[in-house]
Amino acid sequence: MFIQTETTPNPATLKFLPGQAVVPGGTADFTDAESAARSPLARRLFAVDGVEGVFLGPDFITVTKREDVAWDHIKPAILGAIMEHYQSGLPAIETGESSGGHDDTGDEGPDSDIVRRIKELLDTRVRPAVAQDGGDITFHGYEEGVVYLHMQGACAGCPSATITLKMGIENLLRHYIPEVVEVRPVGVNF
């Protein structure tokens, strides 16, 4: 098994490409070892000293390290953990499959058409681009012109996350959906 690695815009995060499906058709975000209970792969990665976060995409694994740890010291152990996982034959996620990518908030009511259009743009234009950098973005709501989004994986805590959110995603949504006036992050520390 050959596992490729790619850097991401977040220096604390690396993207690992095992050349096999990880979470087909979905994603899963684990911010600590306790949240990884349903994922044999994430549990194995959190066992590596210095791993702070694990994000599983359809065909990639994004690992975030602690600031005080060098990639040179933990990358071999992470590669070994990924290889061991695939050799074990266990699934990446045991039950409940994945987060699937977005919330159903606002699917009904007076703004339902706007929400549908927002989700469509996120799914077709934004999420594929964000996945290239080892992350994901999920819809969390729309209220009075404000779109609430959650950035995950390499995008959470990335130095360029604010620029991506404001200059990229907000401008795109405002261009195609005039009712959108602002995009705000939820559950992310900038």
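The values are calculated or read from the model by the stated rules, or taken from the named source; none is laboratory data. Note that this is a predicted model, so its numbers are computed, not measured. Because the Cβ atoms are built from the backbone with ideal geometry, glycine has one as well, and the counts that use them run over all protein chains shown.
Points to keep in mind about this one:
- For region 130-169, taking the residues that are touching a Ser or Thr at 6+ places or on another chain (Cβ under 7 Å), in a loop (DSSP other than H, G, I, E, B) and among the small types (Gly, Ala, Ser), the one that is modelled with the lowest pLDDT is identified as Ala154.
- Those residues of region 1-41 which are buried (at least 23 other Cβ atoms within 10 Å of the Cβ), in contact with a Leu (Cβ under 9 Å, 6 or more places away or on another chain) and among the hydroxyl-bearing types (Ser, Thr, Tyr), in sequence order: Thr27, Ser39
- Members of region 75-88 found to be surrounded by 17 or more Cβ atoms within 10 Å (Cβ to Cβ) and either modelled with pLDDT under 90 or of a type in the set (Gly, Ala, Ser) (or both), listed by number: Ala81
- Taking the numbered list (1) farther than 30 Å from Thr64 by Cα; (2) not in a loop (DSSP other than H, G, I, E, B) in turn, Glu179 passes all entries but (2).
Results for (1) under 19 Å from the mean Cα position of the chain (by Cα); (2) more than 23 Å from Cys155 (Cβ to Cβ); (3) outside the structural domain of Gln152 (by TED's automatic domain parsing), shown as yes or no for each residue.
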residue	(1), (2), (3)
Ala33	yes, no, yes
Val48	no, no, yes
Val51	yes, no, yes
Val54	yes, no, yes
Val69	no, no, yes
Asp72	no, yes, yes
Ile82	yes, no, yes
Glu94	yes, yes, yes
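- Pairing each residue of region 15-32 that is among the acidic types (Asp, Glu) with any residue that is assigned to a loop (DSSP other than H, G, I, E, B), provided the two are 6+ apart or on different chains, yields C-beta distances under 9 Å for Asp29/Ser99; Asp29/Ala156.
- With respect to the conditions (1) closer than 23 Å to Ile137 by Cβ; (2) at pLDDT below 95, Phe16 lacks only one, and its number is (2).
- Members of region 89-127 found to be at pLDDT below 80 and more than 25 Å from Glu143 (Cβ to Cβ), listed by number: Thr95, Gly96, Glu97, Ser98
Per-residue answers, yes or no, for (1) touching a Leu at 6+ places or on another chain (Cβ under 8 Å); (2) among the hydrophobic types (A, V, I, L, M, F, W, C):
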position: Thr124; (1), (2): no, no
position: Ala129; (1), (2): no, yes
position: Phe139; (1), (2): yes, yes
position: Glu144; (1), (2): no, no
position: Val147; (1), (2): yes, yes
position: Ala161; (1), (2): no, yes
position: Leu165; (1), (2): yes, yes
